[in-house]
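The values are calculated or read from the model by the stated rules, or taken from the named source; none is laboratory data. Quick caveat, the model's predicted, so the values are computed rather than measured. Note that we place each Cβ from the backbone using ideal geometry, even for glycine, and neighbour counts take in every protein chain shown. Just the protein is used for accessible areas: all its heavy atoms, side chains included, with ligands, DNA and RNA removed. Shrake-Rupley method; radii C 1.70, N 1.55, O 1.52, S 1.80 Å.
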Amino acid sequence: MKVTIEVNGRPIEAESGEMLLSALRRAGVKVPTLCNMANLTPTGSCRICVVEVEGQRSLVPSCAFPVSAGMKVRTHSPRAVEARKTIIELLLADHPDDCLYCVKHDSCQLADLANELGVRSRRFAGAKSAYALDQSSPSIVRDPSKCILCGKCVRMCEEVQGVAAIDFIGRGSKTKIGTSFDEGLNVSSCINCGQCVNVCPTGALTEQNQIKEVLAALADPNRYVVVQHAPSVSVALGEAFGFPAGTDVDGMMVAALRRLGFQKVFDTGFSADLTIMEEGSELVRRITSGGTLPMMTSCSPGWIKFVETFYPEFIPNLSTCKSPQQMMGAIIKSYFAEREKLDPAKIFSVSIMPCTAKKFEAGRPEMGRHGVPDIDAVLTTRELAQLIRMRGIDAAELKPDTPDTPFGERSSAGKLFGATGGVMEAAVRSAYFLLTGGELSDLVVEPVRGLDGMKKAVLDIDGTKVGVAVVSSLSNAAKLLDAIKAGEHKDVQFIEVMTCPGGCINGGGQPFQQDISTVKARMQCLYTIDTNDKLRVSHKNAEIQRLYEEYLGKPLGERSHHLLHTQYTERKTLL
């Protein structure tokens, strides 16, 4: 039911019973918060969003206070502003004074609020808490001294991702956020997704930075340094340089990578097409020869670790295909190295990824040959933006460039890997060809598109019914796996799972953003690229065909199996 409330002397319309903060935001009234998370039950724990409501003796947290007809609200009264300021001053009293060196110095919400509220001196002083820096994870760094106990990382890890690797531990003034037994992240159930980093308002959680290693390789004359960039990076990178959300800066990014000194720039969309050829063939083989079904995609490393840790009984269901990142790394250090007469050990292979878990994946012992890793370093989209700024490159002034052959051509199907449902859509397009020899009349597979956390459809491939499911965020994946264990979804043969909500466009290494509209804009940009592209199916990529003719032989052949496939095993953690 619609009701009218008065906010700062003017009427606004709201839904009876909705939380006040939601109504205020919809009306364009800005009220700050540190703990509130969209689509999750509000906790009101940070108290930054307090406002005055007529008739209420105390200030109320607007995020957890329901609207009622006739309510009169003052959002920025002297009392409300002073309360917010005091909270910030108390938080800063136990916060490190290293803002100049902090990774989040330009995106710290605590610093932004201090500036907004006019905090210019230290009003409260005393002994500061001492915490150890946790750098044990291959993907994420924890600095508890910068934690403000907002709880957003805990809620993301438990409620959205279903992992619960971290939680509040200790009591009273000794409360902090940590893992079971307060050990390092490396021995926890953490799946390295980095979603906790995305929601952390301070520098308490950041990615493992590998810029130093990449710069050292670029400066080494004995290294041949190549780079690949993932499909979703180009539709998000521009935000770091002031471009509107959803702007594709692919050409500018390639030009910037050349300016940085990389000797070859490759497009991971190429190996996404390669993944589709292998994974599509694997799906067809399983369907036609009685293999383990439903087959589940293996492109998302956080998802793989989730299965290994929590659902090892589903390991046989995982596709044996390596991810596009690892496939590209493998063919660079085999086919490309042989073609260019290069020692694979001297090639330094870098990938630009939207994902912190890709750092973990690159370090897995099975991801390489003869002691030479497929990938030597992984930079997130944020790290690439930092590297471009470090080298003084004006992104807006760069003349767009194109990637290098032989791994520069990609279909728009490969580009769709950046969004939830994209792997499935690309796979269906090529699976139809592999099963029938023909092409889909309509290449858009609408049922698997969009940001819904779980989507399911039954597709008719020339008389063959193929049930598919698409999931993003691991709490949704857990629900699907539990349902399958209970005997449901027997009509599903193929499942795509993306660790991050919305897919790689919302990965743990993407530019920080606070609203779903940014994610939607990135997704729409990928759909637009697909609509306008001439090459829209992986199996028609001429460079992919050439790779098979000259080197791999055929999908699922002996050489492709050796280079492009792997096996996963159960992981045991402290949990």
**Report entry** Those lysines that a straight Cα-Cα span of less than 25 Å connects to residue 30, excepting residues fewer than 8 apart in one chain
**Finding:** 2, 72, 85, 104, 152, 520
Query raised in the report: Accessible area per residue, 1.4 Å probe, Å², for the range 488-556: what's the number?
Result: 43
Query raised in the report: By how many degrees, between 0 and 90 and to the nearest 10, does the Cα long axis of helix 250-260 differ from the longest principal axis of the chain?
Result: 90
Report summary line: Amide H contacts under 5 Å for residue 348, restricted to residues at least 5 apart in sequence or on another chain and with H modeled in the peptide plane, are 224, 225, 226
Requested in this report: Give me the net charge of residue 23's neighbourhood, meaning all other residues with Cβ under 12 Å from the Cβ of residue 23; Lys, Arg count +1, Asp, Glu -1.
Outcome: -1
Query raised in the report: Once amide H atoms are built 1.01 Å from N in the peptide plane, which residues 5 or more positions from residue 51, or in another chain, come under 5 Å H to H?
Result: 60, 62
Query raised in the report: If amide H atoms are built 1.01 Å from N in the plane of the peptide, which residues on other chains or at least 5 residues away come under 5 Å of the amide H of residue 177?
Result: 169
**Report entry** Sulfur and carbon atoms: percent of accessible area, the range 173-244 [1.4 Å]
**Finding:** 52
Query raised in the report: What fraction of the Cα pairs in the range 91-207, stated in percent, has a spacing above 26 angstrom?
Result: 19
Query raised in the report: When the scattering of the range 53-122 is computed by the Debye formula from its Cα atoms alone, each counted once and equally, what is log10 I(q)/I(0) at q = 0.13, 0.24 Å⁻¹?
Result: -0.50, -1.09
Report task. Report in % the part of the accessible area of the range 358-489 that belongs to carbon and sulfur, leaving out ligands and nucleic acids; probe 1.4 Å. Result -> 49
Query raised in the report: Once phi is turned into θ = phi - 60°, what whole-Hz ³J(HN,Hα) does the Karplus curve with 6.51, -1.76 and 1.60 give for every residue of the range 225-232, x standing for Gly and Pro?
Result: 9, 10, 9, 10, 10, 6, x, 7
Query raised in the report: Among the aspartates and glutamates, which have Cα under 13 Å from the Cα of residue 490 when same-chain residues fewer than 8 positions away are ignored?
Result: 482
Requested in this report: Would you tally the net charge around residue 565, using a Cβ to Cβ cut-off of less than 15 Å, leaving residue 565 out, and scoring K and R as +1, D and E as -1?
Outcome: 0
**Report entry** Förster-model FRET efficiency, 51 Å R0, residue 485 and residue 56, C-beta, rounded to 0.05
**Finding:** 0.60
Query raised in the report: Can you give the accessible area per residue of the range 91-207, in Å², using a 1.4 Å probe?
Result: 48
Query raised in the report: Which of the peptides 317-330, 281-294 is most tightly packed, and how do the rest follow, judged by the mean count of other Cβ atoms within 10 Å per residue?
Result: 317-330, 281-294
Report summary line: Pairs over 20 Å Cα to Cα, from 212/333; 346/554; 415/540; 333/359; 305/333, come to 212/333; 346/554; 305/333
Query - Net charge of neighbours whose Cβ lies under 12 Å from the Cβ of residue 492, counting Lys and Arg as +1 and Asp and Glu as -1 - result: +1
Report task. Starting from the Cα-Cα distance between residue 513 and residue 93, subtract it from 0.36 nm times their residue separation and give me the gain in nm to one decimal. Result -> 148.5 nm
Report summary line: For the range 2-76, the accessible surface attributable to carbon and sulfur atoms (probe 1.4 angstrom, ligands and nucleic acids excluded) amounts in percent to 47
Report task. May I ask you to order 413-420, 49-56, 38-45, 185-192 by the average number of other C-beta atoms within 10 Å around their residues, highest value first? Result -> 413-420, 185-192, 49-56, 38-45
